[in-house]
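Undergrad: Structure in structure tokens, see below.
Laboratory data are not the source of any read-out in this text; all were calculated from the coordinates shown. Keep in mind it's a predicted model, so treat the numbers as computed, not measured. FYI the Cβ positions are ideal-geometry reconstructions off the backbone, even for glycines, and counts take in every protein chain you see.
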Amino acid sequence: MRASGPSGHPACDRRVWGRADVPKEHLVQLANTSAHAFRYTFGTRAVARDMPVDVVQAILGHASLQTTSIYVRAEQQRMLEAAAQYYAADDGQG
């Protein structure tokens, strides 16, 4: 039987829950995060760091490059939002 943390989640090992350097709210968030969220975060961050999309596809086990392209679109959206914030902050200072 695997040890579980305060949430009862089996992935929460005692080695993680016993760490004094990790704030409790972070541990609770970790216990309540789905595997899908971890995969999505990995895919988006990998694309943001210029990992080739076909490599991300292979790591995530996607049969179709179209599925992996979701992460490319998410990164493009993030860049557009960052640019919009930059120009909004600069508005009227030119």
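Undergrad: How long are the semi-axes of the ellipsoid equivalent to the stretch 35-90, from square roots of 5 times the Cα gyration tensor eigenvalues, in whole Å, largest first?
TA: On the way: eigenvalues 127, 22, 16 Å².
Here the semi-axes work out to 25, 11, 9 Å.
Undergrad: Please sort by residue number the trypsin sites (Lys or Arg not before Pro) in the stretch 30-94 whose DSSP state is loop and whose Cβ has at most 14 other Cβ atoms within 10 Å. Could you put the intermediate results ahead of the total?
TA: Working: sites: R39, R45, R49, R73, R78; in loops: R49.
Counting only loop positions with at most 14 other Cβ atoms within 10 Å, the trypsin sites (Lys or Arg not before Pro) in the stretch 30-94 are R49.
Undergrad: Right, next: Could you give the length gained on full extension between A37 and Q76, defined as 0.36 nm per residue of separation minus the Cα-Cα distance, in nm?
TA: Numbers: separation 39, 0.36 × 39 = 14.04 nm, distance 1.86 nm.
Result for the pair: 12.2 nm of gain on full extension.
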